[in-house]
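For reference, the structure is listed below as structure tokens.
The values are calculated or read from the model by the stated rules, or taken from the named source; none is laboratory data. Every value quoted in this text rests on a predicted model; they were computed, and no experiment measured them. Cβ sites come from the backbone with ideal geometry, for glycine too, and all protein chains shown count toward neighbours.
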Amino acid sequence: MEPLYREVERTLSTGSPAMTPAAIVEEAIRRFREEEWPEMKRQPDWVRTYVARVVVGEKDSLAMMCHIRDTFGHEAPSERDRRTLDAIIAQEEGHVAMFSALLLELGGQIPDQPKTWIPNTLISWASGCAIAARGEEIRLGEITHLLADNDVPEQVKQVLVGILREEEFHQRGFTRATDSYTLETVLPCYWENHGPPR
Ligand SMILES: [Fe+2]
Ligand SMILES: [Fe+2]
């Protein structure tokens with residue numbers, strides 16, 4: 001059995017009753033809406049702080065995706081899935097560029113990027129794509145919430161609208177590139193160890 005599944009089984013047998021992936025995604029979006037976002041908006045410089053956080057988040061997911069491509073690319077089930085990942089990586093590079101430009105326009109500074117951390121649940125093409133698919137799902141929930149918030153400046157919303165369709169494409173692409181067993185098992189294990197994927 002692959003180490004990932006041993007870890008999942010250990011987590012599930014020793015931890016509290018495991019949440020389903022759908023419940024985890026819902027809980028992560030709820031936390032964002034009810035806790036993290038109101039907390040962000042209490043900061044005096046929240047627009048710039050938020051955009052800086054997105055720059056770091058987009059760079060992190062880009063690094064994770066490059067790691068999946070470079071380390072596990074040979075495990076991709078089809079050439080189509082490999083090409084999809086290449087297309088997603090190119091779009092994430094665009095997101096980093098768009099949010100960095102927005103941050104500079106707002107008068108902010110590009111944050112120093114700490115070395116990207118690669119989760120220990122990322123041990124195969126399938127687990128990487130499954131974590132990424134769930135991460136994109138959570139990201140879509142966050143973007144939808146921000147687009148409905150009247151306090152978010154139009155300048156920021158325009159960039160969010162610009163990336164929304166691409167993030168939807170990423171969610172579908174990663175879901176197709178993995179398998180249903182991994183999609184169902186990897187997230188409870190990841191959540192138990194690290195919290196929500198971003
Ligand atoms: Fe992105
Ligand atoms: Fe994405």
- Query: Just checking, which of 70, 60, 81 is more than 18 Å from the chain's Cα centre (by Cα), surrounded by 15 or more Cβ atoms within 10 Å (Cβ to Cβ) and part of a helix (DSSP H, G or I)?
  - Reply: 81
- Message: Looking at segment 63-76, can you tell me whether even one residue there is closer than 30 Å to residue 152 by Cβ and in contact (Cβ under 8 Å) with a residue 60 or more places away in the chain?
- Response: yes
- Task: State yes or no: is residue 119 at pLDDT below 95 and loosely packed, with under 13 Cβ neighbours inside 10 Å?
- Result: no
- Inside segment 84-99, the number of residues satisfying the requirement of being more than 11 Å from ligand 1 (Cβ to nearest atom) and buried (at least 19 other Cβ atoms within 10 Å of the Cβ) is 2
- Does segment 139-159 include one or more residues that are more than 13 Å from ligand 2 (Cβ to nearest atom), part of a loop (DSSP other than H, G, I, E, B) and under 13 Å from the mean Cα position of the chain (by Cα)? no
- Query: Which members of segment 20-79 meet the condition of being among the polar types (S, T, N, Q) and touching a helix residue (DSSP H, G or I) at 6+ places or on another chain (Cβ under 7 Å)?
  - Reply: 43, 49, 61
- May I ask you to verify whether residue 32 is under 19 Å from residue 141 (Cβ atoms) and buried (at least 18 other Cβ atoms within 10 Å of the Cβ)? yes
- Query: If residue 197 passes every condition in (1) in a loop (DSSP other than H, G, I, E, B); (2) at pLDDT 90 or above but one, which one does it miss?
  - Reply: (2)
- Query: Are there any pairs, at least 6 apart or on different chains, whose C-beta atoms fall under 9 Å, with the first in segment 31-48 and without any contact (Cβ under 8 Å) to a residue 60 or more places away in the chain and the second surrounded by fewer than 16 Cβ atoms within 10 Å (Cβ to Cβ) and among the polar types (S, T, N, Q), and if so, which?
  - Reply: 40/49; 43/49
- Unique match (being outside any loop (DSSP other than H, G, I, E, B) and more than 14 Å from the chain's Cα centre (by Cα)) among 108, 94: 94
- Answer yes or no: is there a residue in segment 130-143 that is more than 15 Å from ligand 1 (Cβ to nearest atom) and either among the polar types (S, T, N, Q) or buried (at least 22 other Cβ atoms within 10 Å of the Cβ) (or both). yes
- Task: Check whether at least one residue in segment 165-175 is within 11 Å of ligand 2 (Cβ to nearest atom), closer than 18 Å to residue 52 by Cα, in contact with a helix residue (DSSP H, G or I) (Cβ under 8 Å, 6 or more places away or on another chain) and part of a helix (DSSP H, G or I), and report yes or no.
- Result: no
- Message: Give all pairs with beta carbons closer than 9 Å in which a residue from segment 98-119 that is under 12 Å from residue 56 (Cα atoms) meets a residue that is part of a loop (DSSP other than H, G, I, E, B); count only pairs at least 6 apart in sequence or on separate chains.
- Response: 100/110; 103/109; 103/110; 103/111
